[in-house]
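The values are calculated or read from the model by the stated rules, or taken from the named source; none is laboratory data. Keep in mind the model is a prediction, meaning the values are calculated, not measured. Every residue, glycine as well, gets a Cβ built from its backbone with ideal geometry; the counts of neighbours run over all protein chains shown. These accessible areas exclude ligands, DNA and RNA; they are computed on the full protein's heavy atoms, side chains included. Shrake-Rupley method; radii C 1.70, N 1.55, O 1.52, S 1.80 Å.
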Amino acid sequence: MRIGLMLDYGRPMAELAAEVADYEAAGLDSVTVGEAYTFDAVSQLGYLAARTERIELATGILPLFSRTPTMLAMTAAGLDYASAGRFRLGIGASGPQVVEGFHGVVYDAPLGRTRETVEVCRAVWRRERLVHQGRRYQVPLPAGVGSGEGKPLKLINKPVRDRIPVTIAGTGPRNAALAAEIAEGWEPIFFHPGRAAHVWGEALAEGRAKRADELGPLDIAVRVPVAVGDDVGHLEGAVRAQLALYIGGMGSRGHNFYNDLAVRYGYPDAARTVQDLFLDGKVKEAAAAVPQELVDSTALVGPAGAVRERIAAFGEAGVTLLNLSFLAPDHATRLRDLESVRAMTV
């Protein structure tokens, strides 16, 4: 199992990069930078490419709707070039709240767009003259659309790799099946190792049955909050707060992917309660209503023995990359937590 880091939003980039260099020296394998309605992930990863030597650099995630498929392909090739072949492209559909509310783009056909985007990216990386006539994307534009002057083009530069790893994020069974079929990796959120097989097992098996041998085994990347020690119980509140935000507030009462996931995990009553409280403005009460088992199972917070057992559970559930989200307030403690987790996985 590899150990990665999920960078938080908003901290000074120079400060983060200096810390990442220490983590790299301590054995960190990967760094993922997210992108919601925040600073873009691409410029930050370019900075990190110049400040690191060995670790993988990844997006987690670039929303499909905010860039064309060819722009995603160009961006991935550029970051792979800047990092000398260390980039992994993490993509996902995001959700209507962000796509329509921040980007002003209609949120439609996320699965179809994901499949076509991956097809276009791989054609661009192979430096083929791009001709893609899909249902959602047509490149070049067909006759009668636009000026009529578009023609098939290929990427001018020669990419470092003609096959950059792609990770698809998603919580729904159809997303999981698609990732297992066409991508190098899959990135679920709030992964509960004890209930993952029930929620996604059939879908993953369906996708793997169609998977090309050249893709290799499916990489499963999971974000986990972490704080190791006998006196870290007070940090659990941050885990509860994030779960409540997503289950309760990331979407509407009738359309919330993360609430749906909590229901599929077997917490329908708690999911409804958390959402009702959160949307009514009772944020603290919503966090308190998150089931303790969900908090414990999706995080690595507690004494070393308990954390070791949970890491083993993630491994047994098929996780290959643990993306740590540090809860400790200072760099020294975060570095110690990384070293502790690293020692538990070798």
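Set against the 2.2 N^0.38 Å expectation for a compact globular protein, region 263-302 has a Cα radius of gyration ratio of 1.20.
Taking the charge dipole of region 132-177 about its Cα centre, with +1 at Lys and Arg Cβ atoms and -1 at Asp and Glu Cβ atoms, the residue from 172, 144, 134 reaching farthest to the positive side is 172. Charged side chains reduced to their Cβ positions (Lys and Arg at +1, Asp and Glu at -1) give region 1-143 a dipole of some 680 debye around its Cα centre.
By the helix-only formula, in which each DSSP H run with n ≥ 4 contributes -39500 (n - 2.57) and the sum is divided by residues, the chain has a 222 nm mean residue ellipticity of -13000 deg cm²/dmol. Compare 270, 212, 313 in a GNM of the chain, Cα atoms joined below 10 Å, and give the one with the largest fluctuation. Among 270, 212, 313, the largest mean-square fluctuation in the Gaussian network model of the chain belongs to 212.
Pop out the carbon and sulfur fraction of the accessible area of region 247-346 as a percent, whole number, probe 1.4 Å. Accessible surface attributable to carbon and sulfur in region 247-346 totals 55 percent. Think of a 1.4 Å ball rolled over the protein heavy atoms: the chain then has 45 Å² of accessible area per residue. Using only side-chain charges placed at the Cβ, +1 for Lys and Arg and -1 for Asp and Glu, the dipole size of region 260-346 relative to its Cα centre rounds to 220 debye. Compute a Gaussian network model of the chain, connecting alpha carbons closer than 10 Å, and tell me which residue from 148, 170, 201 fluctuates the most. In this elastic network of the chain, the residue with the biggest mean-square fluctuation among 148, 170, 201 is 148.
Projecting the Cα positions of 74, 91, 107 onto the charge dipole of region 58-160 (unit charges on Cβ atoms of Lys, Arg, Asp and Glu, taken about the Cα centre) puts 74 furthest along the positive direction.
Our estimate of slack between residue 154 and residue 241, defined as 0.36 nm per intervening residue step minus the Cα-Cα distance, is 26.7 nm.
Close amide-amide hydrogen proximity is noted between residue 153 and 130, each under 5 Å apart and 5 or more residues distant or on a separate chain (H modeled in the peptide plane; Pro and chain starts excluded).
Gap in Å between the Cα centre of region 183-257 and the Cα centre of region 72-141? Using only Cα atoms to place each centre, the spacing works out to 22 Å. Among 287, 143, 14, which one shows the biggest mean-square fluctuation in a GNM of the chain, springs joining Cα atoms closer than 10 Å? Maximum among the listed residues: 143. The magnitude of the dipole of the chain, with charges of +1 and -1 set on the Cβ of Lys/Arg and Asp/Glu and taken from the Cα centre, is near 1180 debye.
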